[in-house]
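Undergrad: I have a structure here, written as C-alpha cells, and I will follow up with some questions on it.
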Amino acid sequence: MEIKNNTDKLQSIIFAMALGVCQGLIGFPWSEELLLQVSHVLWILFVSVIGFLILDTNRISRWRSVFFVVLAVFFILHFKASLIGLGKNPFFSSDVQEVPYCHIAMASSFLNYLYQQYLAFQSGSWKLWGPLSLGVLWLAVTLSIGRAWCSWACFYGGIDDGISRVLPKPLVKKYTFNKTLRDLPAAILIFMTLVSLSAMLPIFCLWLCPLKITTAFLDTHSPTRLLQIILFSAIGISTLIVLPLILKKRFFCGLICPFGAWQSFFGRINPFRVAIAPDKCTQCGLCLKSCPTFVLNDDALKNHTISAYCNLCGECIDACPQNAMTYTLLGRPIHLFKSKCLTRLFNAKTFFVFSCLLVGGAVGGLFVPPRIAYFLEVVFKQ
Amino acid sequence: MILMAEGFILGLSTGPYCLTACAPLLAPYLMADAPASWKTQIRALIEFVAGRLTAYVIFGLTAGFLGKNLSGPLSAKIIQSALIVSGLLMLLYFFKKASPHTSLCAALWRPAWAKRFPFVLGCLVGINICPPFVAGLSRVIDIGSAGMGMLYFLAFFAGTTLYLMPLLIVLPLSVIKRAQTIGTLMCGLAGLWFIAKGLLGFFSR
Ligand code: SF4
Ligand code: SF4
C-alpha cells in the first residue's frame, strides 16, 4: 500500500495542470463566442481532474471509466440533440443516410475507401480526398495511444463500459468462455471488408452495427431494412446491454467491434504495453477475472504474456494485489531519473495516462463543449 | 474467334468483380484450411477454379441451348438457390472445423466429399454470385447456340481467372494458428451471410 504525502499530491497537481495547459494549447476555440469558451474550459478542467485523480488515488480504470462514460453520454446527447434540432425523429429517418465518418464503418469497409481514393486519384478530383485526412488523423492517434483508443478515447466504448459497471457484482459468475471467440472481431473485420467491397456498401454499418443508435437509422419500409433493424437491435440489446449488465464484461468491444481488431493489429506500432512482472505475480487470477474484454486467460497468465487485443484499460492493474501489472514502454518500465520524486512524475504510466487523456480530451472537445454550452444557455436563460 | 475474344475481354474487364465476389467465400476457406501445405492449398485453388469452369461450361451450354427460356425468374431462382447452398456449405465447413469430432460432422464430411469441397464451392460461385457472370449469361442467351455459348464462357472464364490470383496471398497466412481460427470464424460468417442474402433475394421478389 502506497503511503501518500504532500509531495505526492503536489506531483498529481503538477500533472493535472500540465494536462490542462496542453489541452488548451491543442484545441481551445479562441475565436468562438464566450459561452463556448467557458464550456471548453469546463471540459478541460474535467479532464484534468480525472488526470489528478488517477495519479493521486492510483485507481486507473475507475477514473478512466468515469471519463470514458461521460464521453459516450455526451456523444449520444450531441447527435440526438442535433437530430431533434433538425426537426426530425431522433431514431428513424426516411432519407438515405450517408455512412457516417465513423472509425468502425471505415475500418470494416476499408477496401471501399481505398478504391474510392483510387478513383479520386484517377479523376483528379482532390475534393474526394477527405478520407485521407482522416487517415492521417487516425495515424496520429495510433502513434500516440495505439490500442488504448478502445478504452480511453472511443466515443462508443463508454456505452458497454458504463453498463458493465451498473451492478456491483456479476449476476452470472460461472460460465465457460471459448477463447477462440476472442478472434471473432478480427474475423468480422476481414469478412466485412471483403463483402463490403463486393457489394460496394459498408455492410457492417448497414447490417450489424448497434452503435447507429447514436445517429438515426433508416425507416422500416422494406423487408431488407426491417431485417437490418432487427439484426442490429438484437446485437445491440445483447452485446451492449444485457450481457455487459449480467456478466460485467464489455461484450461489444471485446467480441464484436471490428475497429477493436483493426486497432489491435495496427496499434502494435505504439510502444505502450501492459506487462506482468513474473517475479511479483502469484497466479491468483484476479486480473483474469477483472479483464472486461476477455484478453487475459490461463495461458496468458502462466506465460506472463498479454495478447495484442489488450486495450490498456488498466482494470487488471487496479485489480492486482501484488502490483504485478504495470504500464510499460515496449515491455520495460522506464526510470529516467534517479530521484524517486521525479520518477513518480516521469514514468511509463504517467506518459501513457497523459497521452490518453490528451487524445480523449481532444476527441471530446469536438462535441462535449457545445452540449455544455447548450445546457448553460438553457439554465441561465431561465 | 471474335466471339471468344469478346468473352475474354468481357472477362478481363469485369474480372475485378469476380475477385470481390469470390473472395468472401474463398479467402475464409483458404485461411481455415490448415494445416494444409502450400501444395494442398494451391490444389484447392485450382479445384475451385475448375469448379467455376464447370459451372460456366454447363451454363454456357444450357443457356445457349435453351435461349431465352433461361432468362428472367428462372435464372434468378437458380442464383438465389445457389447462394443459399453456398451459405449452407460454408456453415457446414465451419462446423467441421470448429468441432470436427461430433458425430454429425464426421458423417457429413466423409473424406471424398471433403476433398471435393473447393470444386463444389467453385461451381456454386460460378453460377451465382458473380455479376459479370450474369452479364455473360445474357450475351450467351442472345447468341442462342450451345457450342458458341460454351466457347464464349470458356474465354470469359480465362479472362476472369487471372483476377483470382491475388487470393494466393492468403496462403502463407494459413500456417499461422490464429489466422486459421480467424478463417474458421469467417467461414461461419460467410455461411450466415450468403444464406441471408439468398433468402432475402427470394423474399424481395
Ligand atoms: S471496440 Fe469499437 S466500440 Fe469499443 S471502444 Fe474500440 S472502437 Fe469503440
Ligand atoms: S489485459 Fe488488463 S489492461 Fe488489457 S484489456 Fe484486459 S484488463 Fe484491460
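The values are calculated or read from the model by the stated rules, or taken from the named source; none is laboratory data. Quick caveat: nothing in here was measured; it's all calculated off a predicted structure. Glycine gets a Cβ as well: all are built from the backbone with ideal geometry, and neighbour counts include every protein chain shown. Areas reflect the complete protein model, heavy atoms only, side chains present, ligands, DNA and RNA absent. Shrake-Rupley method; radii C 1.70, N 1.55, O 1.52, S 1.80 Å.
Undergrad: Sort out for me the helices (runs of 4 or more DSSP H) sitting completely within the stretch A:271-347 that have 3 or more residues that are surrounded by 12 or more Cβ atoms within 10 Å (Cβ to Cβ) and within 13 Å of ligand 2 (Cβ to nearest atom). Working first, answer last.
TA: Numbers: elements: A:286-290, A:298-303, A:315-319, A:340-345.
The qualifying helices (runs of 4 or more DSSP H) are A:286-290, A:315-319.
Undergrad: In addition: Take the conditions surrounded by fewer than 24 Cβ atoms within 10 Å (Cβ to Cβ) and within 27 Å of A:GLY364 (Cβ to Cβ) and apply them to A:LEU132. Does it pass? Lay out the reasoning, then the answer.
TA: Details: surrounded by fewer than 24 Cβ atoms within 10 Å (Cβ to Cβ): yes; within 27 Å of A:GLY364 (Cβ to Cβ): yes.
Judged against the criteria, A:LEU132 is a match.
Undergrad: If we scan the stretch B:171-186, do we find a residue that is assigned to a helix (DSSP H, G or I), away from chain A (no Cβ under 14 Å), within 21 Å of B:TYR17 (Cβ to Cβ) and out of contact with any Asp or Glu (no Cβ under 7 Å at 6 or more places or on another chain)?
TA: No, the stretch B:171-186 contains no residue that is assigned to a helix (DSSP H, G or I), away from chain A (no Cβ under 14 Å), within 21 Å of B:TYR17 (Cβ to Cβ) and out of contact with any Asp or Glu (no Cβ under 7 Å at 6 or more places or on another chain).
Undergrad: So which residues in the stretch A:28-51 are open to solvent by 50 Å² or more (accessible area, probe 1.4 Å) and under 19 Å from A:PHE354 (Cβ atoms)?
TA: Within the stretch A:28-51, A:LEU45, A:PHE46, A:VAL49 meet the criteria.
Undergrad: Criterion first (free of Cβ contacts under 8 Å to residues at least 24 places away in the same chain, within 16 Å of ligand 1 (Cβ to nearest atom) and open to solvent by 40 Å² or more (accessible area, probe 1.4 Å)) does A:LEU243 satisfy it?
TA: yes
Undergrad: Return the residues of the stretch A:295-335 that are within 16 Å of ligand 1 (Cβ to nearest atom) and more than 19 Å from A:ARG64 (Cβ to Cβ); say none if nothing qualifies.
TA: A:SER307, A:ALA308
Undergrad: Which ones in the stretch B:187-205 are in a helix (DSSP H, G or I), free of Cβ contacts under 8 Å to residues at least 12 places away in the same chain and open to solvent by 70 Å² or more (accessible area, probe 1.4 Å)? Can you show your working first?
TA: First, pick out the residues of the stretch B:187-205 that are in a helix (DSSP H, G or I): B:187-203.
Those still in the list that are free of Cβ contacts under 8 Å to residues at least 12 places away in the same chain too: B:200, B:203.
The answer is B:PHE203, and nothing else.
Undergrad: Under the condition of being touching a residue at least 60 places away in the same chain (Cβ under 8 Å) and touching a His at 6+ places or on another chain (Cβ under 8 Å), which residue from the stretch A:323-367 is nearest to A:VAL49 (Cα to Cα)?
TA: A:GLY365
Undergrad: Determine which single condition A:CYS257 fails, assuming it passes every other condition in (1) near ligand 2 (Cβ under 9 Å from one of its atoms); (2) within 19 Å of A:THR142 (Cα to Cα).
TA: Here A:CYS257 clears every test but (1).
Undergrad: Sticking with this structure for a sec: With respect to A:GLY24, is the statement that it is in a helix (DSSP H, G or I) and under 18 Å from A:THR326 (Cα atoms) true?
TA: No: the conditions fail for A:GLY24.
Undergrad: Could you identify the single residue in A:ARG147, A:ARG165, A:ARG225 that is of a type in the set (Lys, Arg) and within 14 Å of chain B (Cβ to nearest Cβ)?
TA: Within the list A:ARG147, A:ARG165, A:ARG225, the selection yields A:ARG225.
Undergrad: Same structure again: Only one of these is at negative phi, away from every other protein chain (no Cβ under 14 Å), within 16 Å of ligand 2 (Cβ to nearest atom) and open to solvent by less than 30 Å² (accessible area, probe 1.4 Å): A:PHE352, A:PHE367. Name it. Explain how you work it out, then say what you get.
TA: Values: A:PHE367 fails: within 16 Å of ligand 2 (Cβ to nearest atom).
Checking each option against the conditions leaves just A:PHE352.
Undergrad: Do we find a residue being within 16 Å of ligand 2 (Cβ to nearest atom) and in contact with an Asp or Glu (Cβ under 8 Å, 6 or more places away or on another chain) anywhere in the stretch A:184-202?
TA: No.
Undergrad: Please determine, by comparing only the residues of the stretch B:187-205 that are facing another protein chain (nearest Cβ under 8 Å) and under 15 Å from the mean Cα position of the chain (by Cα), which one is nearest to B:ILE84 (Cα to Cα).
TA: The qualifying residue nearest to B:ILE84 (Cα to Cα) is B:TRP193.
Undergrad: Residues to consider are A:GLN263, A:GLN283; find the one that is of a type outside the set (A, V, I, L, M, F, W, C) and at positive phi.
TA: A:GLN283
Undergrad: In the stretch A:135-169, what count of residues is obtained for those that are away from ligand 2 (no atom under 15 Å from the Cβ) and not β-branched (Val, Ile, Thr)?
TA: Final tally of qualifying residues: 13.
Undergrad: Look through the stretch B:121-138, keep the residues that are open to solvent by 30 Å² or more (accessible area, probe 1.4 Å) and farther than 20 Å from B:ALA196 by Cα, and return whichever of them is modelled with the lowest pLDDT.
TA: B:VAL134
Undergrad: Taking the condition more than 14 Å from ligand 1 (Cβ to nearest atom), among the small types (Gly, Ala, Ser) and open to solvent by 60 Å² or more (accessible area, probe 1.4 Å), does A:SER144 pass?
TA: For A:SER144, the condition - more than 14 Å from ligand 1 (Cβ to nearest atom), among the small types (Gly, Ala, Ser) and open to solvent by 60 Å² or more (accessible area, probe 1.4 Å) - is not met.
Undergrad: Of the numbered conditions (1) away from chain B (no Cβ under 14 Å); (2) buried (at least 18 other Cβ atoms within 10 Å of the Cβ), A:LEU171 fails exactly one; give the number of that condition.
TA: Condition not satisfied by A:LEU171: (2).
Undergrad: Please specify each residue of the stretch B:18-70 satisfying the condition of being in contact with a helix residue (DSSP H, G or I) (Cβ under 8 Å, 6 or more places away or on another chain), of a type in the set (Ser, Thr, Tyr) and modelled with pLDDT under 80.
TA: Correct list: B:TYR56, B:THR62.
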